[in-house]
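Visitor: The structure's right below; bear with me while I get my questions together.
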Amino acid sequence: MDVTPILDPLNDAQRDAVASPAGNMLVLAGAGSGKTRVLVHRVAWLIQAEGVSPHAILAVTFTNKAAREMRARIEEMLGYGVRGSWVGTFHGLAHRLLKYHWAEAGLPQNFQILDSDDQLRVIKRVCRSLDLDESRWPPRQAQWFINGQKDEGLRSAHIQEQKHDLFQQTMLRIYRSYEEACDRAGSVDFAELLLRAHELWLKQPDLLAHYQQRFSHILVDEFQDTNTIQYAWLRVLAGKDIPVVAVGDDDQSIYGWRGAKIENIQQFPRDFPDTRMVRLEQNYRSTGTILRAANSLIAKNFGRLGKELWTAGDEGEKISVFAGFNEQDEASYISGEVEQWHDRGLERQSMAVLYRSNAQSRVLEEAFLQRGIPYRIYGGQRFYERLEVRNVLAYLRLLLNRGDDAALERVINTPPRGIGARTIETVREQARLKQLSLWQAMGAVAEEALLPARACKSLAAFTDLIEDLAPATTELDLAELVDHVIGITGLVEYHGKEKGERGQARVENLEELVSAARSFRGEAEDSSALQNFLDNAALDAGEGQAAEQEDSVQMMTLHSAKGLEFPVVFLSGVEENLFPHRMSLEEEGRLEEERRLCYVGITRAMEKLYISYAETRRLHGSDSYNSPSRFIREIDPELLEEIRSGHGFSRPTSYAASAPDAPPGLALGQRVLHQVFGEGVVLNFEGAGANGRVQVNFDLEGSKWLVLQYANLQTL
Ligand code: ATP
Ligand code: MG
């Protein structure tokens, strides 16, 4: 029995934890200190050295990807497969449990999982059956309420009705009817998976005893982000006898907004007797510079459990802080750097671009597309594939072509306007029967009064809406048109009703689409700007994710970067109001969570970290002038090297100060007016005298090089 491959690649503290005798253990340690490694090696150790069956081990990780990786690494160390072992996410394991024990859980054998969109649809139907006015009681709010209660382990029957609180009473009514609807249909939402799995323990002592017999070890990664019900589920399962090893980092708790309880870390030693505390302090991931930056930032948070990280590695390069004039300048810098790294031999997949919210990806995506750099959006959708964006595009397509059945199907009742499934079916039937488009079929249905008056009225309201919008396609310019369509159709209110970050994100994406339209420059000259825009969007969406094998730059939100590492990391959009997110400034404790998120971002980098921001940003359809994020100021300035726009590749300001020979009266970053192209920002200079050229990024026309002599720019 050779345990060398298991113990050799560990330091003393890690080895100690990996090979420690069975017992409760909490590994509390900073980023990149090898927590996940300890967990993986511990599993291998238990199997190899302690002779524990792979089937007796339950290991919980945060994502399915992490679970797959964990299994692969264990198999690699052991030299044989451990299929069928219980390694997965909380949701995945709960699902497996319910699949095995559907009857005990009170579910039909073929119970269906509702994803978030499905869940919302059910809630809407429930609200309608309760005759609730959607504008007063947004279904998304109810969804948020229901999931929040379930995450706390509460069913409607557990909740006391508040006498004078109409909101609570109504939410509770919806919750009750929703539960009934789900029971009738045999469907289970995400939160329900966890709740039911927990109830299985409580209601079926025999079953619990069976699993307590079966599992001899429980291990949990990313413990700082467990919520109440997950913690309870673990605790009941562990009972008195199953030792639990939990690893986590209080400084990386970033899901408080979704119910995660950082307090679970403090609670652990109280609930799990004789917990052995392990600290790991050596970081193996990042350069000294990156690590010191992370340490200096997170030191600004209060109430930390407190730990410092050190590294035996090199100091490494300074952190490049890039100030772009605007978001396109920033994106162009990032894509330029990516190209340079790649030319120097670094694989693209070794580079990650991280951002605070999904809407920020669009400009970056465009920059990558422009340079032909393959990219992959990890744990998220490409901009033009997002639900809310596709809804707007469907309206636009319908405006251009009433015969576009797919577009019509998509928006006929989105936002809801009382056109039910039966009405749509009748329309479809007419279309089939008479070989008409759905649009024409709607006319036929109305003419022949094939449906009750109410349904006909709803259909007429929809056709009126589209016809009323139609003139705008010629009267307005592209951006105005998109904005107008979003406004008139009610998509903002509709998507905005989704509570919390999700709703916010959807509205941001809608606004971002207006931005996209504003800066859109079509190439095909023989069709309208709108047609051009739609074609482009369709092509972009149609490309789908870059194939797994293709070497692509990794793009993701900071949240989904948790647990991962990359040689080169770009933190983009590091501006006040964006990051920290403006919503976080209003709620107590959220600023600290944002700071932890920044800490997570910084500590993803191994060799080189870039931080960038834009001085003006067109996001969500409007221009904003945000100052650089406070998080940049909170990093020890010695570790930073400032890069200004327009000075070429990676040239620090100190060198560049004398470089640009700006013609009199013009400066980089200055706003100027051109008679034909309108307003813009000076990006760069080249040459002098009669050869002097200036690059201007025009608000409407994009970036252009102009001969200075003839440009006739007016400064603003
Ligand atoms: P995070 O908090 O970000 O989840 P972590 O604490 O889980 O980080 P790991 O991902 O396990 O850290 O390890 C970070 C990096 O350091 C990995 O590349 C890992 O392989 C490496 N590493 C960990 N321990 C050692 C060691 N003793 N010797 C060499 N490399 C190590
Ligand atoms: Mg980890």
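The values are calculated or read from the model by the stated rules, or taken from the named source; none is laboratory data. The structure displayed is predicted, hence computed values, not measured ones. Positions of Cβ are backbone-derived with ideal geometry, glycine not excepted, and every protein chain shown enters the neighbour counts. The accessibility values were calculated without ligands, DNA or RNA, using every heavy atom of the protein model including side chains. Shrake-Rupley method; radii C 1.70, N 1.55, O 1.52, S 1.80 Å.
Visitor: Can you give the three extents of the C-alpha atoms in the range 282-436 along their principal axes, from longest to shortest, in whole Å?
Guide: 76, 43, 29
Visitor: Skip the ligands, DNA and RNA, and give the accessible area per residue of the range 112-185 with a 1.4 Å probe, whole Å². Present the calculation step by step, with values, prior to reporting the outcome.
Guide: Details: 4100 Å² over 74 residues.
Roughly 55 Å² per residue, with all protein chains present.
Visitor: May I pose another question? Just want to confirm a number: the relative contact order over the chain, from Cα pairs under 8 angstrom separated by 6+ residues, in percent.
Guide: Numbers: 1163 pairs, mean separation 110.3, N = 716.
Relative contact order for the chain comes out at 15 percent.
Visitor: Relative contact order for the range 383-540 using alpha-carbon pairs under 8 Å, separation at least 6, rounded to a whole percent?
Guide: On the way: 141 pairs, mean separation 42.1, N = 158.
Contact order relative to length: 27 percent.
Visitor: If we count every other residue with Cβ under 12 angstrom of residue 77's Cβ, Lys/Arg +1 and Asp/Glu -1, where does the sum land?
Guide: Values: positive: 37, 42, 71, 73; negative: 2, 8, 75, 76.
Residues near residue 77 contribute 0 overall.
Visitor: Let me ask another. What's log10 of I(q)/I(0) for the range 69-225 at q = 0.14, 0.21 Å⁻¹, Debye sum over Cα points only, no solvent?
Guide: Listed by q, the Debye log ratios stand at -0.80, -1.37.
Visitor: Quick one: which residues, 5+ away or cross-chain, put their amide H under 5 Å from the amide H of residue 703? H built at 1.01 Å from N.
Guide: 698
Visitor: Once ligands and nucleic acids are excluded and a 1.4 Å probe is used, how much of residue 347 is accessible, expressed in Å² to the nearest 10?
Guide: Per-residue accessible area (residue 347): approximately 100 Å².
Visitor: Follow-up question, since we're still on this one. What is the diffusion coefficient of the chain in µm²/s, taking the Kirkwood radius over Cα pairs and the Stokes-Einstein relation at 4 °C with a viscosity of 1.567 mPa s? Could you put the intermediate results ahead of the total?
Guide: On the way: Rh = 28.5 Å.
The calculation lands on 45 µm²/s.
Visitor: Would you mind giving the three semi-axes, in whole Å and largest first, of the ellipsoid equivalent to the range 1-74 according to its Cα gyration tensor?
Guide: Numbers: eigenvalues 59, 53, 31 Å².
The answer is 17, 16, 12 Å, longest axis first.
Visitor: Sticking with this structure for a sec: Heavy atoms only, probe 1.4 angstrom, no DNA, RNA or ligands counted: give me 310, 201 ranked by accessible area, highest first.
Guide: Numbers: 310 125, 201 5 Å².
Listed by decreasing accessible area, they come as 310, 201.
Visitor: Counting pairwise Cα distances across the range 13-136, what percent come out greater than 23 angstrom? Could the numbers behind the result be given before it?
Guide: Working: 3818 of 7626 pairs.
When every Cα pair of the range 13-136 is considered, 50 percent fall beyond 23 Å.
Visitor: Taking a point 7 angstrom from the Cα of residue 590 along the C-beta vector, which residues in the range 501-521 have backbone N less than 15 Å away?
Guide: From the range 501-521, the list is 501-508.
Visitor: I've got another one for you. Enter the Cα centre distance for the pair the range 54-103 and the range 404-443, rounded to the nearest angstrom.
Guide: 45
Visitor: Still on this structure, please answer the following. Taking all pairs of distinct Cα atoms, average 1/r, flip it, and tell me the Kirkwood hydrodynamic radius of the range 383-540 in Å to one decimal place.
Guide: Numbers: mean 1/r = 0.0610 Å⁻¹.
Averaging 1/r across every pair of different Cα atoms and inverting gives 16.4 Å.
Visitor: Now, a different point. How large is the dipole of the chain about the Cα centre if only Lys and Arg carry +1 and Asp and Glu carry -1, each at its Cβ, rounded to the nearest 20 debye?
Guide: Working: 80 positive and 103 negative charges, 383 e Å.
It comes to approximately 1840 debye.
Visitor: Under a 5 Å amide H to amide H cut-off, with H placed in plane at 1.01 Å, what residues pair with residue 87 once short-range neighbours are removed?
Guide: Long-range HN contacts for residue 87: 59.
Visitor: Keeping every protein chain in place, order 255, 80 by accessible area at 1.4 Å, biggest value first, i.e. largest first. Show your work: numbers first, answer last.
Guide: Details: 255 25, 80 100 Å².
If we order 255, 80 from most to least accessible, we get 80, 255.
Visitor: Can you tell me what percent of all Cα-Cα pairs in the range 112-185 are more than 14 Å apart? Numbers along the way, then the final one.
Guide: Numbers: 1564 of 2701 pairs.
Pairs farther apart than 14 Å: 58 percent.
Visitor: With every protein chain left in place, what is the accessible area of residue 429 in Å² (1.4 Å probe, nearest 10)?
Guide: 90
Visitor: Something else: What does the charge add up to near residue 262, with Lys and Arg as +1, Asp and Glu as -1, over the other residues with Cβ less than 11 Å from its Cβ? Write out the running numbers ahead of the final one.
Guide: Working: positive: 261, 304, 596; negative: 225, 249, 250, 251, 263, 592, 593.
Once positives and negatives cancel, what remains is -4.
Visitor: Here's a follow-up. Would you mind working out the accessible area per residue for the range 383-540, using a 1.4 Å probe, and quoting it in Å²? Walk me through the numbers on the way to the answer.
Guide: Values: 7320 Å² over 158 residues.
Normalised by residue count, the accessible surface of the range 383-540 is 46 Å².
Visitor: Normalised by the empirical 2.2 N^0.38 Å for globular proteins, what value does the Cα Rg of the range 232-294 take?
Guide: Details: Rg = 15.1 Å, N = 63, 2.2 N^0.38 = 10.6 Å.
Scaled against compact globular proteins, the figure is 1.42.
Visitor: Need the C-alpha centroid separation for the range 692-716 versus the range 239-266, integer Å.
Guide: 55
Visitor: Sticking with this one: Just the number, please: carbon plus sulfur as a percent of the accessible area of the chain, 1.4 Å probe, no ligands or DNA/RNA counted. If you can, show how the numbers build up before the last one.
Guide: Details: 15220 of 31580 Å².
Here it works out to 48 percent.
Visitor: Could you order 206, 8 so the one with the most accessible surface comes first? Probe is 1.4 Å. Walk me through the intermediate numbers first.
Guide: On the way: 206 135, 8 110 Å².
Putting 206, 8 in descending order of accessible area: 206, 8.
Visitor: Keeping all protein chains in the complex and leaving out DNA, RNA and ligands, what accessible area do you get for residue 318 with a 1.4 Å probe, in Å² to the nearest 10?
Guide: Around 100 Å² of this residue is reachable by solvent.
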